[in-house]
1. Whose amide H sits under 5 Å from the amide H of ALA29, counting only residues 5 or more places off or on another chain, with H placed in the peptide plane?
2. Could you run the Karplus curve 6.51 cos²θ - 1.76 cosθ + 1.60 with θ = phi - 60° over the range 27-33 and give me ³J(HN,Hα) per residue in whole Hz, x for Gly and Pro?
3. For ALA37 and ALA10 in the same chain, what is the full-extension length gain: residue separation times 0.36 nm, less their Cα-Cα distance, in nm?
4. Any chance you could run the full-extension gain for ALA20 through GLN47? It's 0.36 nm times the residue separation minus the Cα-Cα distance, nm to one decimal.
5. When the Kirkwood hydrodynamic radius is evaluated over all pairs of different C-alpha atoms of the range 7-50, what value in angstrom, to one decimal, is obtained?
Amino acid sequence: MNSGPSCTLAIDGITPQIDADAFVAPGAALIGRVRLAARASVWYKAQDSRSYGQVQSRSL
């Protein structure tokens, strides 16, 4: 359920993983080891980034 232009960038060749049922608002940025599960969301102008370890977002 990607909603429009957002920014996804790789760090050391690792790109964000986004479930098809996750929501990424236009203007949001996902950088590096980020994983969005189904029904998770990243809202307008928000940024999730990680160069080591991992950020995981899930729905509640």
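Please treat every number below as a calculation from the coordinates, not as lab data. Only a predicted model underlies this, so the values are computations on that prediction, with no experimental measurement involved.
1. Here CYS7, ALA46, GLN47, ASP48 satisfy the definition.
2. Values per residue, Gly and Pro as x: x, 7, 10, 10, 10, x, 7 Hz.
3. Values: separation 27, 0.36 × 27 = 9.72 nm, distance 1.83 nm.
Between ALA37 and ALA10, full extension yields 7.9 nm more.
4. Stretched out fully, the ALA20 to GLN47 stretch lengthens by 7.9 nm.
5. Details: mean 1/r = 0.0985 Å⁻¹.
Hydrodynamic radius (Kirkwood, Cα only) of the range 7-50 equals 10.2 Å.
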